[in-house]
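The values are calculated or read from the model by the stated rules, or taken from the named source; none is laboratory data. Note that the coordinates shown come from a computational prediction; the quantities given were computed from them, not determined experimentally. Note that we place each Cβ from the backbone using ideal geometry, even for glycine, and neighbour counts take in every protein chain shown.
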Amino acid sequence: MIQRYTRKVMAMLWSELQIKTYWHHIEKAILYARSCYDQFVSKAVYENAKAVVITPEIIERADELEATTDHDLIAFVLAVSEKLNDETKRFYHTGVTSFDIEDTTLALLLVGAMDILIEDVQKLRSVIFIRAKEHKRTVMIGRTHFIHAEPITFGLKLLNWVDVLDRHIGRMQTARESVRVGKISGAVGKYSLPPAIERIACERLGLRPAKISNQILSRDLIVEYVSCLVGVADSVERFATEIRHLAGTDFSEVAEYKSPTAKGSSAMPGKSFLRNPIKSENTCGLAKAMRGYLIMAHENENLWCERSLDNSALERIFLPDSTTVLDFMLNRFTQVMKKLEVYPEQMNRNLWKTGGIVFAQQIMIELTRQGMPRDMAYDLLESLAKSVERGTFVNDQGEDFKQLVMKDKEIGTWISPATIEACFDPENSLKYVDEIFDRFE
């Protein structure tokens, strides 16, 4: 992933130094397991390997050797072996195949990446929940089909997102556990070393040993993992899209924070005030890249016989990139929400833009309580709504929907002016907001 969309924590995790340090950790874990189980391997062998620390110099030496061996892991083993005594060299990487090391490393990387991402989602959830409570009673218009529907609060809108993120955290924890599996079962999965070696080594690494594998672990694990990440990205895109909608000039209900020196356009000076929601747009754009990585994950599940190399190149691309991109998306959108500017007065203006049509259901409910048939109440209010002009939302006499309801004689015979007035109070539509919020911590 390009540096622009890479945070340091993910760059370090997926660095060549970290990956090859994990390779050595696994080789050491195998030697430790063998020293516990195999009479031919002494504790001194493990201790000698343990004393070696992977450095940029060892990696550089491995690169030199790969030019001759044309095999990255063999070159690495040879480079490390130059630091080992003769006894340890005999057993270092003996009885294992490349992907015993590489797939087990991949498990460690994916668990580490998921830990970072779960923390990211928890931080985003915390920020959104704080903003939801802040705007628990900030009334705005709810929109269905992009059309005014009924009053809600901005806090309720955000609380829906909290619920989504709670579910994602659960799914991420499940995906983390699924991928937390190592294998040291040899070239075709029938074990060159005793299975106990795999069990002891995996336990030392914090992994579960695979129940069964061939040369590699089945790639349905990767599909599940990336599907989980893409699901998170989809939801963050949905949230960012809503911010983009509400930030539009015609709504002007929220705005992304901009520093006083930030410019909005190279051509239009006024954009510095009007503010394009560029961070939310960027978040949405990256979600599209995330869905592309899911195609790669699905393509990689179909490998030939006990293993073919189809998956290797793609995984070197889409696994670092997908985790890195999602990490960036989550942190960027967390900052958007933390600093988001909210305009309750504009929300109120938009709420009343239609002259009170959005309260029609409240009037209908009250009429039916007083005995009017529902279909009669519905038709009556529908006809009043249709009597105003689209856009201005007043009739030829300049009367809006609320005024028409207040003066309608049929409605007046069923409910009093005070009751009608109460139906147009947004608070009357939001009496259960506290109960909904009480479901969350």
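Being within 16 Å of the chain's Cα centre (by Cα) and crowded, with 17+ Cβ neighbours inside 10 Å is a property that His168 has.
In segment 251-303, which residue that is of a type in the set (Ser, Thr, Tyr) and in a helix (DSSP H, G or I) is surrounded by the most Cβ atoms within 10 Å (Cβ to Cβ)? Spell out the reasoning first.
Restricting attention to segment 251-303, the residues satisfying the condition of being of a type in the set (Ser, Thr, Tyr) are 252, 257, 259, 261, 265-266, 272, 280, 283, 293.
This time we only want the ones that are in a helix (DSSP H, G or I), so: 272, 280, 283, 293.
Details: Ser272: 15, Ser280: 27, Thr283: 24, Tyr293: 22.
The qualifying residue surrounded by the most Cβ atoms within 10 Å (Cβ to Cβ) is Ser280.
Listed by position, the helices (runs of 4 or more DSSP H) inside segment 307-416 whose residues that are within 30 Å of Asp100 (Cβ to Cβ) and in the same structural domain as Phe154 (by TED's automatic domain parsing) number at least 2 are 310-339.
Right, Asp163: among the acidic types (Asp, Glu) and under 15 Å from the mean Cα position of the chain (by Cα) or not?
On the way: among the acidic types (Asp, Glu): yes; under 15 Å from the mean Cα position of the chain (by Cα): yes.
It is true that Asp163 is among the acidic types (Asp, Glu) and under 15 Å from the mean Cα position of the chain (by Cα).
Segment 7-116 holds helices (runs of 4 or more DSSP H) entirely within its bounds, and those carrying 3 or more residues that are within 30 Å of Gly170 (Cβ to Cβ) and not hydroxyl-bearing (Ser, Thr, Tyr) map to 8-13, 16-37.
Can you confirm whether Ile222 is over 28 Å from Asp310 (Cα atoms) and surrounded by 15 or more Cβ atoms within 10 Å (Cβ to Cβ)? Break it down into steps so the answer makes sense when it comes.
Working: over 28 Å from Asp310 (Cα atoms): no; surrounded by 15 or more Cβ atoms within 10 Å (Cβ to Cβ): yes.
Taking the combined requirement at face value, the residue does not satisfy it.
Considering (1) in contact (Cβ under 8 Å) with a residue 40 or more places away in the chain; (2) under 30 Å from Ile184 (Cβ atoms); (3) part of a helix (DSSP H, G or I), the lone condition that Arg244 does not fulfil carries the number (2).
Residues Ala289, Ala262, Ala255, Ala267: which one is over 28 Å from Asn311 (Cα atoms) and in contact (Cβ under 8 Å) with a residue 24 or more places away in the chain?
Numbers: Ala289 fails: over 28 Å from Asn311 (Cα atoms); Ala262 fails: in contact (Cβ under 8 Å) with a residue 24 or more places away in the chain; Ala267 fails: in contact (Cβ under 8 Å) with a residue 24 or more places away in the chain.
Of Ala289, Ala262, Ala255, Ala267, the one residue that is over 28 Å from Asn311 (Cα atoms) and in contact (Cβ under 8 Å) with a residue 24 or more places away in the chain is Ala255.
Being under 30 Å from Tyr92 (Cα atoms), over 25 Å from the mean Cα position of the chain (by Cα), surrounded by fewer than 16 Cβ atoms within 10 Å (Cβ to Cβ) and touching a residue at least 12 places away in the same chain (Cβ under 8 Å) is a property that Pro209 lacks.
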